[in-house]
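Notes for the one structure printed next.
The values are calculated or read from the model by the stated rules, or taken from the named source; none is laboratory data. These figures come from a predicted structure and were not determined experimentally. For neighbour counting, all protein chains shown are included, and Cβ atoms are generated from backbone atoms with ideal geometry for every residue, glycine included.
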Amino acid sequence: MKIYLGLFVLVLTCQACQNTEKTNSIERQKETRKVMSFDKEKWAVKSDAAYAYRAMMLQDLIDSKRLKQLKKAAILELLGTPDRTDSLYLFYTILQKRALFFPLQTKSMVIKLKENDSVEWVKIHE
């Protein structure tokens, strides 16, 4: 009897993991389908501690290679104040999933600057 109970729990656990992976995959596909052109005003729109349009504009911003040609002052003018800075790095929050006050998952755009304030690289950190 204990063996059957153990097998039952094991099967339920495996099923739960598979459903979560499918759900996450579907969510990622929906997220990547929504693309819009970069708009400075919409980039800054923040509602309930979340940025409403950044995820949709991110791909356009990266693909255009616009950021690679700018200096730090021009980036700050275009994107606004970063959510976090660290020496030569600028961090812009794209998405953040939270449980109450605790962040569970964060997606950020990271811009690394050279010593002369030009852009060395732009990456997405999840």
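When every residue of the range 45-57 is checked against the conditions, at least one turns out to be at pLDDT below 90, surrounded by 14 or more Cβ atoms within 10 Å (Cβ to Cβ) and out of contact with any helix residue (DSSP H, G or I) (no Cβ under 6 Å at 6 or more places or on another chain). If you take the residues in the range 40-72 that are part of a strand (DSSP E or B) and of a type outside the set (Gly, Ala, Ser), which one is nearest to Asn116 (Cα to Cα)? Result: Lys71. For the range 83-115, what are the residues that are without any contact (Cβ under 8 Å) to a residue 12 or more places away in the chain and in a loop (DSSP other than H, G, I, E, B)? Selection gives Ser87, Leu100, Phe101.
Filtering the range 59-82 to residues that are within 16 Å of Trp43 (Cα to Cα), surrounded by 13 or more Cβ atoms within 10 Å (Cβ to Cβ) and among the charged types (D, E, K, R) leaves Asp60, Arg66. Considering only residues that are in contact with a Lys or Arg (Cβ under 7 Å, 6 or more places away or on another chain) and more than 25 Å from Ala49 (Cα to Cα), look in the range 83-126 and name the one that is surrounded by the most Cβ atoms within 10 Å (Cβ to Cβ). Restricting to residues being in contact with a Lys or Arg (Cβ under 7 Å, 6 or more places away or on another chain) and more than 25 Å from Ala49 (Cα to Cα), the top hit is Val119. For the range 73-82, taking the residues that are part of a helix (DSSP H, G or I), out of contact with any Lys or Arg (no Cβ under 7 Å at 6 or more places or on another chain) and free of Cβ contacts under 8 Å to residues at least 40 places away in the same chain, the one that is nearest to Ala49 (Cα to Cα) is identified as Leu79.
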